[in-house]
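These notes are about the structure you will find just below.
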Amino acid sequence: MAESFWLDREFTKQDYTQTKLPKGDYENCRFVDCLFSKGFLDNQNFVECTFDGCDFTNTNIANTIFNEVTFEECKMVGLQFETCNQLLLSLKFIGCNLSIASFIGMHLPNIEFYNCKLHQTDFTDTNLKQAKFLDCDLENAIFENTNLEQADFTSAINFNIDPSINQMKKTRFNKDGLIGLLKKYDIVVT
């Protein structure tokens, strides 16, 4: 079966939970209020696409290419990003719920998270050099052996990062957020 190519198309309010998105290459396409929850979005190619208001909860994204893809106001709970194709990977998240998502072992320098909920998200062994976590809630997010050099946490909240087990040269924090670097010591700062 031949793969298809879609260019400059908009897909609105489509339900791909029962019927899979047709396999192919999607370039400069926009997906608005689409449902992918618990479905299969594996082995797809997305280049310069935007997903707006879509639900990806527990969706299979194995071997999918996301090149210059933006997710806005999407529900992405439980996604395992480390299973997607890492070649040419470029992602941006705006206002998304990425709780319980996993980015284990990925190479994501310069990735951008704006106003995202990242509760219990796992960044173990991930390269997040120069990443931006602006206005993000990182409650119980996992940072272990993570490269956070020059990353920006100046407006992030609820993070708990142990500097002794992460690379943190020139990482940026707001002075009010410094308690997130001291939590393992169980000290009280007033």
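The values are calculated or read from the model by the stated rules, or taken from the named source; none is laboratory data. All figures in this text were calculated on a predicted structure; none of them were measured in a lab. Cβ sites come from the backbone with ideal geometry, for glycine too, and all protein chains shown count toward neighbours. Keep in mind that these areas ignore ligands, DNA and RNA; they rest on the heavy atoms of the full protein, side chains included. Shrake-Rupley method; radii C 1.70, N 1.55, O 1.52, S 1.80 Å.
Out of curiosity, is I111 open to solvent by less than 80 Å² (accessible area, probe 1.4 Å), β-branched (V, I, T), closer than 25 Å to N63 by Cβ and in contact with a helix residue (DSSP H, G or I) (Cβ under 9 Å, 6 or more places away or on another chain)? Judged against the criteria, I111 is not a match.
Of the residues making up the stretch 2-9, none is small (G, A, S), part of a loop (DSSP other than H, G, I, E, B) and surrounded by 14 or more Cβ atoms within 10 Å (Cβ to Cβ). Mind listing whichever residues of the stretch 37-87 are among the hydrophobic types (A, V, I, L, M, F, W, C), surrounded by fewer than 18 Cβ atoms within 10 Å (Cβ to Cβ) and under 16 Å from G105 (Cα atoms)? Hits for the stretch 37-87 are A62, L87. In the condition set (1) out of contact with any helix residue (DSSP H, G or I) (no Cβ under 6 Å at 6 or more places or on another chain); (2) more than 27 Å from L134 (Cβ to Cβ); (3) of a type outside the set (D, E), C49 is compliant with all but (2).
Is one or more of the residues making up the stretch 94-103 small (G, A, S), over 27 Å from E48 (Cβ atoms) and in contact (Cβ under 8 Å) with a residue 12 or more places away in the chain? Give the derivation first.
First, the residues of the stretch 94-103 that are small (G, A, S): 95, 99, 101-102.
Subset that is over 27 Å from E48 (Cβ atoms): none.
No, there is no match, as no residue in the stretch 94-103 is small (G, A, S), over 27 Å from E48 (Cβ atoms) and in contact (Cβ under 8 Å) with a residue 12 or more places away in the chain.
Inspection of the stretch 23-36 finds a residue satisfying the criterion of being farther than 25 Å from A131 by Cα and at pLDDT below 95.
Step by step: first the residues of the stretch 10-36, then only those that are among the hydroxyl-bearing types (S, T, Y) and assigned to a loop (DSSP other than H, G, I, E, B), then the one that is most open to solvent (accessible area, probe 1.4 Å). Which residue is that?
Restricting attention to the stretch 10-36, the residues satisfying the condition of being among the hydroxyl-bearing types (S, T, Y) are 12, 16-17, 19, 26.
Then keep just the ones that are assigned to a loop (DSSP other than H, G, I, E, B); that gives 16-17, 19.
Values: Y16: 25, T17: 44, T19: 95 Å².
Taking the candidates together, the pick is T19.
Number of residues in the stretch 88-104 that are open to solvent by 50 Å² or more (accessible area, probe 1.4 Å) and not aliphatic (A, V, I, L, M) equals 1. Of the residues making up the stretch 114-138, those that are of a type in the set (D, E, K, R) and either out of contact with any strand residue (DSSP E or B) (no Cβ under 8 Å at 6 or more places or on another chain) or under 14 Å from M168 (Cβ atoms) (or both) are D125, K129.
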